[in-house]
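The values are calculated or read from the model by the stated rules, or taken from the named source; none is laboratory data. Note that this is a predicted model, so its numbers are computed, not measured. Cβ sites come from the backbone with ideal geometry, for glycine too, and all protein chains shown count toward neighbours. The accessibility values were calculated without ligands, DNA or RNA, using every heavy atom of the protein model including side chains. Shrake-Rupley method; radii C 1.70, N 1.55, O 1.52, S 1.80 Å.
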Amino acid sequence: MAKKSLTLLAVAGMALMLAGCDRPTGHEELLALDSHLDTPLVLDRAGFDISRRHGWQADYAQVDLPRMKEGGLDGGFWVIYTAQGPLTKAGYTKALAHARQRNLVIDEMVETLGDDFAPATTADDAARIAASGKRVVYKSIENAYPLGTDIDMLDEFYAAGVRMVGLVHSSNNQFADSSTDKGGQKWGGLSPLGRQLIRRANELGMIVDMSHAHDEALAQAIEMSKTPIILSHSGVAHLYKHPRNVPDYLLKKLAKSGGVIQINSLSGYLRDLDASPNRLPEFIGLYRKYQNAPGGMRENHEAFIADRRALDKKYPPDYAEFSDVMNHIFYALDLMGPDHVGIGLDWDGGGGVNGLQDVSDLPKITAALQKASISAQTIEKIWGGNMLRLLRQAEAMKGR
Ligand SMILES: [Zn+2]
């Protein structure tokens with residue numbers, strides 16, 4: 001970022017403090033990136049058009065072009081997410097087809113809306129693309145399960161533009177233990193194949209993402225990866241004890257190795273919620289029903305939304321507060337320092353709290369950081385500088 005924007009941000013911060021307003025004018029000038037946009041999950045659903053304004057209250061969508069502009073979000077990592085399935089040949093084949101399809105819908109978005117979105121693969125791309133007025137589209141993998149047992153499959157996704165790979169999701173897979181597998185650990189952290197995958201990611205110049213991984217897998221990845229680890233959407237266990245959140249000793253280890261935690265906004269990871277215990281199983285059942293229906297989620301989007309709305313009526317959701325998200329950011333900043341914290345709110349993947357339910361609300365984060373007298377330089381690092389540093393370090397390791 002140019003010096004100009006730092007000055008602008010400082011001036012805006014002062015104006016904000018004087019006015020007591022909650023919309024900082026300096027936010028617009030920032031290069032603001034989110035490390036975990038699950039929006040590719042909804043891109044090809046009937047009735048969803050990213051160039052049009054949607055509303056989280058109407059169809060639950062949290063990211064689209066009009067609201068990205070309103071919220072000053074320049075882009076980020078668009079996720080190729082695959083749900084965990086059986087560790088069998090048939091399971092891998094099905095998952096690979098799914099991941100390739102998610103990759104394709106990202107490409108289609110960029111091709112169809114070339115005036116508004118541009119593909120990004122290097123750390124330098126982000127500022128250049130944002131300066132041209134377009135949105136930045138990096139790609140990442142959440143859950144490497146579709147790669148099967150052939151590490152070379154990672155090369156296919158690298159060639160497709162993927163620059164971040166998350167090993168595991170909600171249950172153990174062939175690469176690592178998950179933080180939330182009900183059956184406990186399978187590998188004692190990383191599997192031998194998981195270690196190979198990290199080595200290949202280092203060789204290719206990809207960032208390794210250990211969100212969702214078991215603490216032991218994270219500790220081992222920090223030890224063995226040649227470039228710093230990212231937690232693309234995670235939280236702080238000190239504030240809320242949940243397996244998805246990371247204890248202080250690991251956050252310190254992560255910071256010491258140069259890594260970064262990107263704070264997420266999934267309410268259930270931020271605090272205890274006051275929702276019926278029946279809600280979550282029925283919610284998951286709803287997803288399963290439509291994913292397995294003929295035409296899948298893609299063709300049954302409207303019916304799914306109607307059912308989801310009915311479920312919300314039956315078992316009203318409870319959300320954490322905006323201040324909870326900020327508390328996780330502030331705590332991580334205090335513990336780890338300004339070079340190790342960023343933003344990955346898990347939009348369209350479960351994120352969202354009261355007062356921060358879609359990307360149009362993002363300037364509030366900048367306002368809250370300014371109100372807490374966080375420096376303009378640190379705010380820039382939080383909004384993408386730290387994450388891009390990791391990508392730059394991964395690039396420098398490429399081929400070594
Ligand atoms: Zn996730």
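Here is how the numbers come out for the structure above:
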{"quantity": "Tensor-based shape of region 127-183 (alpha-carbon gyration tensor, a/c under 1.5 rounded, otherwise prolate or oblate)", "calculated": "oblate"}
{"quantity": "Candidate lysines for bridging to residue 182, where Cα separation is under 25 Å - those fewer than 8 sequence places away on the same chain excluded", "calculated": "89, 94, 241, 289"}
{"quantity": "Probe 1.4 Å, accessible area per residue of region 150-246, Å²", "calculated": "33"}
{"quantity": "Hydrodynamic radius of the chain per Kirkwood, over alpha carbon pairs, in Å", "calculated": "21.1"}
{"quantity": "Other-chain or far-sequence residues with amide H under 5 Å of residue 80's (modelled H)", "calculated": "140, 141, 142"}
{"quantity": "Peptide ranges 246-258, 272-284, 56-68 listed from the most packed, as the mean C-beta count within 10 angstrom indicates", "calculated": "56-68, 246-258, 272-284"}
{"quantity": "Chain lengthening between residue 149 and residue 89 when straightened (0.36 nm per residue, less Cα-Cα)", "calculated": "20.7 nm"}
{"quantity": "Of all DSSP beta bridges in the chain, antiparallel share, percent nearest 5", "calculated": "10"}
{"quantity": "Residue 398-residue 309 FRET efficiency (beta carbon distance; Förster radius 41 Å; 0.05 resolution)", "calculated": "0.30"}
{"quantity": "Qualifying lysines (Cα of each under 20 Å from Cα of residue 364; at least 8 residues distant if same chain)", "calculated": "69, 381"}
{"quantity": "Efficiency of FRET from Cβ geometry, residue 276 and residue 46, R₀ 41 Å, rounded to 0.05", "calculated": "0.85"}
{"quantity": "Whole-Hz ³J(HN,Hα) from phi, Karplus 6.51 cos²θ - 1.76 cosθ + 1.60, for region 229-243, glycine and proline x", "calculated": "7, 10, 10, 6, 7, 9, x, 9, 5, 4, 8, 8, 6, 8, x"}
{"quantity": "Probe 1.4 Å, accessible area per residue of region 25-87, Å²", "calculated": "30"}
{"quantity": "Aspartates and glutamates with Cα under 12 Å of residue 398, excluding same-chain neighbours fewer than 8 positions away", "calculated": "203"}
{"quantity": "Gyration tensor (alpha-carbon) shape descriptor, region 253-304, a/c threshold 1.5", "calculated": "oblate"}
